[in-house]
Structure formats: C-alpha cells, structure tokens
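The block underneath contains the structure these notes are about, expressed in structure tokens.
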Amino acid sequence: MTDLQSQDFIRISASTTTPPAARNHEVEVAKLIDVSRCIGCKACQAACMEWNNLRGDVGTFQGSYTNPADLGPHTWTLMRFTEHENATGDLEWLIRKDGCMHCADPGCLEACPAPGAIVQYANGIVDFVSQNCIGCGYCVKGCPFNIPRISAADSKSYKCTLCSDRVSVGMEPACVKACPTGAILFGSKTDMRSWAGERVEDLKGRGFEKAGLYDPPGVGGTHVMYVLPHADTPSIYAGLPGNPAISVFVDVWKGVLKPLALAGLAVTAVAGFLHWVITGTNEVEENDDRSAADFIKNHEGVAK
Amino acid sequence: MEISRRGFIKITGAGLAASSLGALGFGGAGEAVAALVRPYKLTAAAETRNTCTYCSVACGILIYGLGDRAKNARPGVLHIEGDPDHPVNRGTLCPKGSGLLDVVHSPGRLTQPRYRAPGSAEFKPVSWDFALNRIATLMKEDRDKNFIAKNKDGATVNRWLTTGMLAASASSNETALVTWKVARSLGMVVFDNQARV
C-alpha cells in the first residue's frame, strides 16, 4: 500500500481521514500570471497540451481569438480575449489565461462526494485523481471559477493539475516554462506575492492606479494569482469573479444536510437495536395463526 | 443454502444500510487515498539539444526520446521543450515551438526527397542521390549559360546572377560559414538567410 505519509496532502474529498501533520514545512508554490505582460500568443496553451498529452478535436471559428471557445477535458488552460472599452472610450484588449486557480479552500474538493477523487497537496496544488472520479459533476458546480469539465468519453472530470508531475520533481509547470514574455512566473507563494507587489507598483507608476494582485480571500487565497491592471473590476477580464466564494449550497449540503442525514441513519440504527434489545422480535404466536385462518375463512369469496 | 423470506429481507436491509453508510463517506476512506501524482515522464529519457526549426530566432530546444540511448532502443521523440541553458530563449518557446512535437509526428511531414517531373501532376519519392544529382545538373547548366566572368569594363567579377540560395535559420556558426563558402565560391550573389524572412 502507498505510504500515505509521503503524500503530503492537506485534505482529500469525501473522507474523514486525518492528513499527515508532522511534516508541515513544505513550500507552498504559486503561479503568477501578469496580465499586463501577456501578448496572447498561446504558447502556454500549446505547451499544456503537449506536456499533458491532450489533443482536442479541431473546432470551428467562433469569431474570437479565444480558441477553442471554452475550457474542456482537452483544454486545461485557455487564453480568453476581451475587447474592453474603457472609461475614456479607448479600446483595451484584455487577455487572461484561464484555468484552475488551485484555491486554498477548493470548492470542487468541498463538493466532491467521491472519496479520494480530489486531493489538495501540501504545496497547494489541487489535483483530480481520475481513478476515483465518478463523473457526477459536483466539482463543476462547486467551483467558483467554473473550471472543471467532464469528459463525454470517459465521464471523468478534468482540469489543470498545475503540472503536479513536474512540480513533484522540482520543475516549473509547462505553461510557465514556455511563456516567451515572462508573463507567467512560478515560485513559492511568498516570492510570487512579493514580485507581484513590484509589478503592481510599476503599473501604478505607468498610470494604472487601480492595478493590484488577484489573490481572492473568499477561497482562502489561490495558488494561481493574477496581476491585473484594473484590479478593482476583475469581471472585465472575461468574467473573473470579483469576490469568489464556495457556493452556499455546497456548505448547506456538506455542512448541514450530510451530518444531519448521517445522524438520522445512526439514530434509526440505534433505535432499532434498542427496540430489539428491549422489546425483542415480533413473534408469531399460535392464536395469531388461528385468528388469521378465521379471518381468511370469514372473508372467503368477498374479494372475488 | 435455505433463506427464509424474513431472512432475505433482513439481509437486504443490512446491505442497504451498509452501502448507505459507505456512500456517505465511511466506506474505505483509507484505501481511497491512493493519490499519486502522475509519474514524471522524462526521468531517464534521452535528452538531445537542438535548435527550433521554425524562425530565425533559433530558440534552443531539448528533445526527449524514448529509451536511454541503449543500442536496442529506438529513441522516438517523446517530448520537446525549451532549453533553459540556451542564451536565446532561456527555456521559453512560442506556441509554434511549444507544439513542435506534433510537427515531428505530423503525417504531412516531409521525410524524404520528392520529385515532380516537368509536366507531371504529382510528386514521387526519389532517392537523395537522384535529388542531389538533379539539383547539381540544373545548377551547372544554368551557371554555364549565365556566368559573368568580366563586366563591361573588363574587370573580373565572376558573378552568377540567375540562381539564388536561401539558407536555413537554425544553423550554427560553422554551418553558416560552410554554407556561405559554397554559395560564394560558385559566384552566387542572390544569397540570403531565413533570418531575414
């Protein structure tokens, strides 16, 4: 059996297993996407497909540079292009690399009912374990960023792994490595936050007063962060949520209804057991048989 | 084995209760943890340095082949990514470079010389000897016919203006020097490099 202690995970879906706690010094990693430096070349998209052995079907032109039109089981990262008219009436071409944000409080993991199908590693990566996935789609509903996609071919959910296989051997994710303008950076979360600070200062000095770092506290912070020139209105970047949080339905279902249902089951089982102990089973006695026979005799022909 | 009607209902009920508990998260949570990251696929793959075939930027690439260069392993290309030690790109690649793997394995990739004879409608695969002989013959014919040894003032110029050559971008300095010498020694003046395309 796998040495669970070696997995360095923080939590796993639909499980009460206590995660290993002694080794608590793993470096938290993060990917920083500097939207202001991105030229929309899609090298990250190509590198992602290449590394993860993904090849989607060739689609049709949808009238946008965003291609394919949406994330999918074969598209784990996607450049989303927005033509935005700013307050002064100028066009701004906003390009955002969309993909899993690797939340510190992952809504997908919270919502997932399949034991061990979603894992959060100590380095911050939220990974899907396909072999345990039952394809129910709860992760899609649980995700505040609308990222996971269910494959029609094998009914399993797929999304960016932050190249957990590369990171596990000390490398950077494939998209980060490919980026020719250095718009995608990878390192410890601390380093990425401090580098983002420098970038934000620089942008402010260039007239983007509202520049800022996108590391939303509603999901406990993310391990994929954005430097946004207009951080006050994230939604202009192809609908990036302003204040993402796990849906209240997930909290109600997992936080209230599920424990209640479990308690109900337990109470029923205990009550049944106690009833058996105290009252015992319902024995059929001789006069029961007799009265039943009488009943049948008296009512013979009635039913016909 | 005899099961009474009552016993059957008991077993069914117990099974239902157990599976309900399992579905609610108590069942085999420990075993379900088997959460392994995908194994790193390049651990011992043969790593070869090369230059991207596309544009004149000439980014350094690392080509990973199946096997560890053992004699009996055929190192089919498994993965290509940027060379972090290359001064040009320091590991980065553009979308074309990032997709090089599919160029290597493309069914439309040219892997041998093909020849379309004058008047013919189709290309036919030919040997390298045929192709090189054919090119050399045509070049010699053209050069013999159009070579300019002296200009109108009688000065020796040794020009060959009717044939040109376009060299590759992904050449090393040494390859470029040899290419240059070949072209210039023929008197070829129309000579350029993909670096300016």
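Per-residue ellipticity at 222 nm, computed for chain B from helices alone with -39500 (n - 2.57) per DSSP H run of at least four residues, works out to -9000 deg cm²/dmol. Using a simple spin-label model with pseudo-atoms 7 Å out from Cα toward Cβ, residue A:256 and residue A:268 lie 2.1 nm apart.
Between residue A:131 and residue A:281, the C-beta separation translates, for a Förster distance of 41 Å, into a calculated FRET efficiency of about 0.40.
Each 10 Å bin from 0 upward holds the following percent of the Cα-Cα pairs of the protein assembly as shown: 3, 13, 20, 18, 13, 11, 8, 5, 4, 2, 1, 1, 0, 0. Ordering A:61, A:273, A:9 by the number of other Cβ atoms within 10 Å of each residue's own Cβ, fewest first, gives A:61, A:273, A:9. The stretch A:77-113 and the stretch B:74-118 have Cα centres spaced 31 Å apart. Each DSSP beta bridge with both residues in the protein assembly as shown is either parallel or antiparallel, and the antiparallel ones are about 85%.
Neighbouring Cβ atoms from other chains, within 10 Å of the Cβ of residues in A:259-270, number 1 on average.
Ignoring GluC sites (Glu not before Pro) that are buried or in helix or strand per DSSP, and keeping those with at most 14 other beta carbon atoms within 10 Å, what is the longest stretch of chain A between them? Present the calculation step by step, with values, prior to reporting the outcome.
Values: sites that count: A:26, A:209, A:283, A:285, A:300.
The reported range is A:27-208.
Judged by the ratio a/c of the largest to the smallest principal axis of the C-alpha gyration tensor, the stretch A:192-304 counts as prolate, that ratio being 1.5 or greater while a/b is larger than b/c.
How large is ³J(HN,Hα), in whole Hz, for each residue of the stretch A:123-138 in order, when computed from phi with the Karplus curve 6.51 cos²θ - 1.76 cosθ + 1.60 and θ = phi - 60°, using x for Gly and Pro? My calculation for the stretch A:123-138 gives 7, x, 6, 9, 10, 9, 9, 4, 5, 9, 6, 9, x, 6, x, 5 Hz in order. The value of relative contact order for chain A, using C-alpha pairs under 8 Å at least six residues apart, is 22 percent.
What is the helix-to-structure angle for A:258-278, meaning the angle in degrees between its Cα long axis and the longest Cα principal axis of chain A, kept from 0 to 90 and rounded to the nearest 10? Between the helix axis and the principal axis of chain A, the angle is about 20 degrees. Straight-line cross-link reach from residue A:254 at under 19 Å between alpha-carbon atoms covers these aspartates and glutamates, not counting any fewer than eight positions away in the same chain: A:105, A:110.
Determine the calculated [θ] at 222 nm for chain A from helices alone, applying -39500 (n - 2.57) to every DSSP H run no shorter than 4 residues and normalising by the residue count; nearest 500 deg cm²/dmol.
Mean residue ellipticity at 222 nm (helix-derived): -8000 deg cm²/dmol.
Computed extension gain for residue A:93 through residue A:152, at 0.36 nm per residue and net of the alpha carbon distance, reaches 17.9 nm. Kirkwood-type hydrodynamic radius, chain B: 23.7 Å, calculated from all non-identical alpha-carbon pairs.
Just need log10 I(q)/I(0) for the stretch A:252-299 at q = 0.25, 0.30, 0.31 Å⁻¹, Debye formula, equal scatterers on the alpha-carbon atoms, no solvent, rounded to two decimals. At q = 0.25, 0.30, 0.31 Å⁻¹ the computed log10 ratios are -0.86, -0.97, -1.00. Label-to-label distance for residue B:134 and residue B:74 is 2.7 nm, based on points extended 7 Å past Cα in the beta-carbon direction. Between the amide H of residue B:38 and those of A:165, distances stay under 5 Å, these residues lying 5 or more places away or on another chain, with hydrogens modeled in the peptide plane. Using only the C-alpha atoms, the convex hull of the stretch A:1-92 corresponds to 216 Å³ per residue.
For peptide A:35-46, compute the average count of partner chain beta-carbon atoms within 10 Å of each residue's beta-carbon.
Details: counts 0, 0, 0, 0, 1, 1, 5, 5, 9, 2, 3, 10.
Mean shielding by partner chains, rounded to a whole number: 3.
So which aspartates and glutamates pass the test for residue A:97, namely a Cα distance under 18 Å, with those fewer than 8 places away in the same chain ruled out? Within reach: A:34, A:50, A:70, A:83, A:172, A:215.
In sequence order, the stretch A:104-117 has phi-based couplings of 6, 10, x, x, 5, 5, 4, 7, 5, x, 8, x, x, 7 Hz under the Karplus curve 6.51 cos²θ - 1.76 cosθ + 1.60, θ = phi - 60°, and Gly or Pro positions carry x.
Bear in mind these aren't lab numbers, they're just calculated from the coordinates by the rules spelled out. Keep in mind that this is a model prediction, so the values were computed, not measured. We place every Cβ from the backbone using ideal geometry, glycine too, and count neighbours over all the protein chains shown.
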